[in-house]
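Q: Okay, here's the structure, questions in a sec.
The values are calculated or read from the model by the stated rules, or taken from the named source; none is laboratory data. Here the structure is a predicted model, which is why all the values come from computation and not from measurement. Here Cβ is always computed from backbone atoms with ideal geometry, including for glycine, and neighbour counts include all displayed protein chains. The area values use the complete protein model at the heavy-atom level, side chains included, leaving out ligands, DNA and RNA. Shrake-Rupley method; radii C 1.70, N 1.55, O 1.52, S 1.80 Å.
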Amino acid sequence: MTKINKKFWLGILVALAFYGFVKVLLTTGILSDVNQSMLLLIGVNIMLAVSLNLITGITGQFSIGHAGFMSVGAYTSAILTLDYNVPFIPAILAGGLLAAVFGVLIGMPTLRLNGDYLAIATLGFGEIIRIIMLNTEYVGGASGLSGIPAKTTWTMLFFFTLISVVLINNFIRSTHGRACIAIRENEIAAEAMGINTTRYKIIAFTIGALFAGMAGGLSAHTFYVITPGSFNFLKSFEIIVMVVLGGLGSTAGSIVGAVFVTLLYTYLREFPEWRMIIYSIVLILMMIFRPSGLLGVSKFSLGKFGKKEAKANDAIKSSGTP
Amino acid sequence: MEYFIQQLINGISVGSIYALIALGYTMVYGIIKLINFAHGDVFMVGSFIGLYSAKYLANAGLPPIVVLLLSLIISMTISALLGISIERLAYKPLRKSTRIAALITAIGVSFLLEYTGVLILGPQAKGFPDIMDKKQYHLFGSSIQVESNQIMILLTTIILMLVLQYIVRYTKTGKAMRAVSFDVEAARLMGINVDRTISATFAIGSALAAAAGVIFGMTYNSVDPLMGVMPGLKAFVAAVLGGIGSIPGALVGGLLLGTVETEISSLGFSSWRDGVAFAVLILILIFKPSGLFGKNVREKV
């Protein structure tokens, strides 16, 4: 216990030191605008990746609708600050809460599905949210909302990211987190051990949606404009890619994955016509040569010893300690 | 009533395109349990090959029906080869790894095809040549119109379905495919070459997607490198609707989705069309998780 505690405080200390370092760079103006917006984007992506990791990596529920939650948060908080002059932090929190409500709503009916079917249903939900936004004049329709005040500062973003990482990581380490891992490893066995699987799946979806919503709000207040098109299923894929590249089930992995993908995306912008081609080749090669992700711990699963078990553990089986 | 039937006819011709793509999804999923997201892009490639071969053949002065058949065959053959090479290069090394890794690879392949297309062909849409003259027929003297194109689409779909049904039911490859989809290990023990069977599945699926691509080009007269995304997703929805892994299910799912979409658009809600497609999908999944024609698989402890 003390060992974990020590590690925890060390982590916080390193994060705070990083915060101070960047703050100094910002105040002295060494950091260019491009790098600054990249830094904000990295923070938002870390929140998205860590929250999806809770759903997909820890609880084993494959969701391709994360961008949907993000868009709920982004639109809610943007409307609150634009039309109702709500202060920044309550607006972000409200966006997160509404996204969490959506998490419950989507979680309840679809969690009876598993594996690929759940993935498809969440993909459908994400797209439905996008189409509703697209057809609602109040939120700007296809052209989206613009003129959102750019209130996300480095300090704001840093503390939101830090708090979400710490909260999610503590959840993963708690009894509840263990229950979620049990569901990932074997749902039927977990149920037999007295774990209320539906309840934990909904909890995971809700928490994941909450932080995705807040990340959406933060990104809306970074880039002035949000359109329904920026929250399509490609965005959801991008978040999955971060989680998987980093290493499913590992919080540190999700952070590394988010940083890696954001950097890759930003630096490839200099070769616009080659960008997506290089990106896709990196994806394919990564998956072929290192399918467990950058920080993936070598896995322990019965699947290795027999084909039958591998099949039974359907959906996603990848462990690795968080 | 006539208006409704008119929309039904239009819906069936859109639906047959979905059905042809959905078959590829369903066959690949049935065998290696992979949602092959690159399938929609094979459809795009097929459409472009069809476009260039049709242009070339029409310039050579061949009669329209020969141009159509030849460009269909060329497009289907090259796309089948493409499908096999995608499987060999990208999916085969991953057969033993996790499902999510395979899925990400499929997404990577999809991006690769799309943006290589953009790089080579440019992002703008290209006009598809009119291979056949478009004629309109009136059904039973009423005001319901049927275009010659629509008849041709339906005919092509039906013929390809029959061929597919024949392959899957009566040929050695088809039997091997069914065996592999039932149980890979048992099939291997019975002496079936699993790798070759999987390649054959990809070849057939990609050829059908290519045929759908050519038909799509002829219907909408415009093709672009990113056109595979939405039809691909829709076809996938169709495959799930019908019960993924089931061939008649893919056909019914495609036709159903096409009809529902056309009816929704004709009621004036065309911007809600995609949303309704996904809503139908979710409803079906919730009430009948294995799709309309899917087998219910019991959970085993």
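Q: For the full complex of protein chains and a 1.4 angstrom probe, list A:R184, A:R275, B:R188 by accessible area with the highest value first.
A: Largest accessible area first, the list is B:R188, A:R275, A:R184.
Q: On to the next question. Report, in whole Å, the centroid distance computed from the Cα atoms of the stretch B:128-152 and the stretch A:82-123.
A: Measuring centre to centre over Cα atoms gives 47 Å.
Q: Let me confirm the definition first: pairs of Lys residues in the stretch B:60-217, 8 or more apart or on different chains, C-alpha distance under 25 Å. How many are there?
A: 5
Q: Right, next: Whole-Hz ³J(HN,Hα) for each residue in the stretch A:202-216, computed from phi via Karplus 6.51 cos²θ - 1.76 cosθ + 1.60 with θ = phi - 60°, x for glycine and proline: what do you get?
A: 5, 4, 4, 4, 5, 5, x, 5, 4, 6, 5, x, 5, 4, x
Q: Quantify how strongly other chains surround peptide A:289-295 by giving the mean number of their Cβ atoms within 10 Å of each of its Cβ atoms.
A: The mean count of partner-chain Cβ atoms within 10 Å per residue comes to 2.
Q: Using the Cα atoms of the protein assembly as shown, I'd like the radius of gyration and the largest Cα-Cα distance, Dmax, both in angstrom.
A: 25.0, 87
Q: How big is the convex hull of the Cα atoms of the stretch A:42-192, per residue, in Å³?
A: In the stretch A:42-192, the Cα convex hull volume per residue is 116 Å³.
Q: Could you please state how large a percent of the accessible area of chain A is carbon and sulfur, counting protein chains only and using a 1.4 Å probe?
A: 69 percent
Q: Ok, one more. Can you show me the helix-derived [θ] at 222 nm for chain A, built from DSSP H runs with n ≥ 4 at -39,500 (n - 2.57) apiece and divided by the number of residues, rounded to the nearest 500.
A: -23500 deg cm²/dmol
Q: While we're here: How big is the gap, in Å, between the Cα center of the stretch B:1-31 and the Cα center of the stretch A:225-295?
A: Their Cα centres are 34 Å away from one another.
Q: Dividing the alpha-carbon radius of gyration of the stretch B:72-216 by 2.2 N^0.38 Å (N being the number of residues), what value is obtained?
A: Rounded to two decimals, the normalised Rg is 1.33.
Q: May I pose another question? Take each uninterrupted DSSP H stretch in chain B, measure its Cα extent along the helix axis, and return the ones at 18 Å or beyond whose mean Kyte-Doolittle hydropathy is at least 0.5.
A: Going by DSSP H runs, the hits are B:2-32, B:39-59, B:64-86, B:99-121, B:148-170, B:194-220, B:229-242, B:247-266, B:273-287.
Q: With solvent modelled as a 1.4 Å probe, how much accessible area in total do chains B and A shield from it at their shared surface, in Å² to the nearest 100?
A: Buried area between the two chains comes out at roughly 4200 Å².
Q: Moving on to the next point. Give me the base-10 log of I(q)/I(0) for the stretch B:159-258 at each q in 0.15, 0.17, 0.23 Å⁻¹, Debye formula, one uniform scatterer per Cα, rounded to two decimals.
A: -0.71, -0.87, -1.28
Q: Might you tell me the accessible area per residue for chain B, computed with a 1.4 Å probe and given in Å²?
A: Using a 1.4 Å probe on heavy atoms only, each residue of chain B averages 44 Å².
Q: Further question: Tell me the accessible surface of B:E261 in square angstrom (1.4 angstrom probe, heavy atoms of protein chains only), to the nearest ten.
A: Only protein atoms counted, so the area is about 10 Å².
Q: Return an integer: the convex hull volume of the alpha-carbon atoms of the stretch B:1-66, in Å³ per residue.
A: So the per-residue Cα hull volume is 134 Å³.
Q: Based on the inverse mean of 1/r over its pairs of different Cα atoms, what is the Kirkwood hydrodynamic radius of chain A, in Å?
A: In chain A this quantity evaluates to 20.0 Å.
Q: Now, a different point. Just need the relative contact order of the stretch A:95-253 here, percent rounded to a whole number, with Cα pairs under 8 Å and 6+ apart.
A: 44 percent
Q: Where does each of A:T153, A:T251 land when they are ordered by accessible area, with a 1.4 Å probe and the largest first?
A: A:T153, A:T251
Q: Go from 0 up to the bin containing the longest alpha carbon distance in the stretch A:110-159, width 5 Å each, and give me the % of pairs per bin.
A: Values per bin, smallest distances first: 5, 16, 13, 12, 12, 15, 17, 9, 1.
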